[in-house]
Amino acid sequence: MSLPEHPEAITPDWLTENLAERYPGTVVTSVEVLAIHAGTNANARLGITYQGDTDLPATMFAKIPPLDPDRRAQINQTGMGRREALFYQRLAHRVPMRTLTAYVAAFDPDTGAFVLLLEDLDNSAKSLPDYSTGVPVAYAAEAMDHFAELHARYEDPQRRAAEASWVPLANKGSDYGARLLRYGLDNHREKLTDAFAELAELYIDHTAELHQAWAAGPIGGPATVLQGDGHIGNLFVTETGGPGFLDWGLINVGAPMRDVSYFLNMSMDPADRLAHDHALIQRYLDGRIRHGAHPITFDEAWLAHRIHAAYSVPASCQVVTFPEDASPGRQAFAATFLARCEAALADLNPRPALRDAIGL
């Protein structure tokens, strides 16, 4: 069956067919859309009933491309849905991070369209972190352990080839981020700090060079599989209070300190980050050694942390469009996201570090 482009198009027959591989014999008798939320993608909660007894849940979280045709085409072009579907199909059981249970992970290799049906946090012992305060220091410390284990595991090119050959090298990708940053600068410059605006202009003019600096070479350690998008909106809290990762659409192969820096800058309260970033980075570096990875000195890691702080600017590309139709909750999240980015730029001053490292 073709992939549904709207949550209402997820019918009992479609869901029955797409559950068959993982849950043979399951028959879905009804699907009800309980809520739809617009974000990067179109997200919905589905109420599901089945024929007979089943261990499958009565609700699922659906993630599909945006409903607007133009935005759907833009998101599909990025390949994020394909990557996340492949992650749940092939790699989720291998990574040290806690992830959601995926019941359906389908994608169209020709168009990039996708449908993910995931564990519903509203009916789970897991929860979302408080976006306004950031993750606790103990949560961040455990995340450093998980990053160290993930990066050490896939630093070996042979293991990457055997287990994660489909994970792409980090690269420039589409011009999606640059176009949105240009819109933000042209229409909302007064809402942005000078440091943000300067780095946004740099990114627009030198997208490929910056992605190269963030992805490869000596800055940030040897290439490995990265989670790729560990900001606070893509995290959950496990039953024991530990870290879990919701979104794997930007999984890629690149420099490991990109994961570490982005997580610290975009998931923690800036004051907590300032007070603990040295210790947390050292914990990550010690974890790498325990798992047999190539050693990175603290000075190397700190330089990479500063350079990768600039990545938070293109990561904020949707936020700086300041959409008027955003819900109050979405606006509040966007405000804290941008505040974390701008705090990281102020604290870590990546501009001279980029100039010294790559001449930009």
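Phe337 - would you say it is out of contact with any Leu (no Cβ under 8 Å at 6 or more places or on another chain) and either among the charged types (D, E, K, R) or under 26 Å from Val225 (Cα atoms) (or both)? Give the steps one after another, and end with the answer.
Working: out of contact with any Leu (no Cβ under 8 Å at 6 or more places or on another chain): yes; either among the charged types (D, E, K, R) or under 26 Å from Val225 (Cα atoms) (or both): yes.
Answer is yes for this residue.
Could you run through region 120-141 and say how many residues are under 18 Å from Val33 (Cα atoms) and surrounded by fewer than 19 Cβ atoms within 10 Å (Cβ to Cβ)? Quick ask: steps written out before the conclusion?
Residues of region 120-141 that are under 18 Å from Val33 (Cα atoms), as a first pass: 120-123.
Cutting the leftovers down to surrounded by fewer than 19 Cβ atoms within 10 Å (Cβ to Cβ) gives us 121-123.
Counting residues in region 120-141 that are under 18 Å from Val33 (Cα atoms) and surrounded by fewer than 19 Cβ atoms within 10 Å (Cβ to Cβ) gives 3.
From (1) out of contact with any strand residue (DSSP E or B) (no Cβ under 8 Å at 6 or more places or on another chain); (2) in a helix (DSSP H, G or I); (3) surrounded by 16 or more Cβ atoms within 10 Å (Cβ to Cβ), pick out the condition that doesn't hold for Thr54.
(2)
Considering only residues of region 32-50 that are assigned to a strand (DSSP E or B), β-branched (Val, Ile, Thr) and open to solvent by 20 Å² or more (accessible area, probe 1.4 Å), which is modelled with the lowest pLDDT?
Our first condition is that a residue be assigned to a strand (DSSP E or B); within region 32-50, this holds for 32-38, 42-50.
Checking the rest, the ones that are also β-branched (Val, Ile, Thr) come to 33, 36, 48-49.
Restricting the remaining residues to those that are open to solvent by 20 Å² or more (accessible area, probe 1.4 Å) gives 33, 36, 49.
Working: Val33: 96, Ile36: 91, Thr49: 98.
That would be Ile36.
Any residue at all in region 74-83 that is in contact (Cβ under 8 Å) with a residue 24 or more places away in the chain and part of a strand (DSSP E or B)? Working first, answer last.
Of all residues in region 74-83, those in contact (Cβ under 8 Å) with a residue 24 or more places away in the chain come to 74-83.
Of the ones still in play, those that are also part of a strand (DSSP E or B) are none.
Taking every residue of region 74-83 in turn, none turns out to be in contact (Cβ under 8 Å) with a residue 24 or more places away in the chain and part of a strand (DSSP E or B).
Got a sec? Which of Arg83, Arg72 is closer than 17 Å to Ala164 by Cα, open to solvent by less than 50 Å² (accessible area, probe 1.4 Å) and among the charged types (D, E, K, R)?
Values: Arg72 fails: closer than 17 Å to Ala164 by Cα.
After ruling out the rest, the residue left standing is Arg83.
Mind listing just one residue for me: the one in region 190-229 that is among the small types (Gly, Ala, Ser) and open to solvent by 20 Å² or more (accessible area, probe 1.4 Å) and, of those, modelled with the highest pLDDT?
First, the residues of region 190-229 that are among the small types (Gly, Ala, Ser): 195, 197, 200, 208, 213, 215-217, 220-221, 223, 228.
Checking which are open to solvent by 20 Å² or more (accessible area, probe 1.4 Å) leaves us with 195, 208, 216-217, 223.
On the way: Ala195: 98, Ala208: 89, Ala216: 66, Gly217: 56, Ala223: 92.
Residue satisfying both the conditions and the ranking: Ala195.
Run Ile232 past the list (1) open to solvent by 10 Å² or more (accessible area, probe 1.4 Å); (2) over 19 Å from Ile358 (Cβ atoms); (3) not charged (D, E, K, R) and report the number of the one that doesn't hold.
(1)
So which residues in region 255-285 are more than 14 Å from the chain's Cα centre (by Cα), crowded, with 21+ Cβ neighbours inside 10 Å and small (Gly, Ala, Ser)?
Once the filter is applied, which keeps residues that are more than 14 Å from the chain's Cα centre (by Cα), crowded, with 21+ Cβ neighbours inside 10 Å and small (Gly, Ala, Ser), region 255-285 yields only Ala255.
Any idea which residue in region 143-172 is least open to solvent (accessible area, probe 1.4 Å), counting only those that are under 23 Å from His231 (Cα atoms), in a helix (DSSP H, G or I) and among the charged types (D, E, K, R)?
In this case the residue turns out to be Asp145.
Counting only residues that are open to solvent by 50 Å² or more (accessible area, probe 1.4 Å), give me the helices (runs of 4 or more DSSP H) lying completely in region 288-360 with at least 1 of them. Break it down into steps so the answer makes sense when it comes.
On the way: elements: 298-309, 312-315, 328-348, 350-358.
Because the criterion is at least 1 residues that are open to solvent by 50 Å² or more (accessible area, probe 1.4 Å), the helices (runs of 4 or more DSSP H) in region 288-360 that meet it are 298-309, 328-348, 350-358.
Among the residues of region 238-250, is there at least one that is over 29 Å from Pro157 (Cβ atoms) and of a type in the set (D, E, K, R)? It would help to see each step written out before you state the result.
Initial filter on region 238-250 (over 29 Å from Pro157 (Cβ atoms)): 238-242.
Within this subset, residues satisfying the condition of being of a type in the set (D, E, K, R) are 239.
Yes - at least one qualifying residue is present in region 238-250.
Residues to consider are Tyr103, Tyr88; find the one that is part of a helix (DSSP H, G or I) and under 23 Å from Ile48 (Cα atoms). Give the derivation first.
Details: Tyr103 fails: part of a helix (DSSP H, G or I).
Exactly one residue qualifies, and that residue is Tyr88.
The values are calculated or read from the model by the stated rules, or taken from the named source; none is laboratory data. Since the structure is predicted, the reported quantities are computational estimates derived from the model, not experimental observations. With ideal geometry, Cβ positions are generated from the backbone for all residues, glycine too; neighbour counts draw on all protein chains shown. All accessible areas refer to the heavy atoms of the entire protein, side chains included, with ligands and DNA or RNA removed. Shrake-Rupley method; radii C 1.70, N 1.55, O 1.52, S 1.80 Å.
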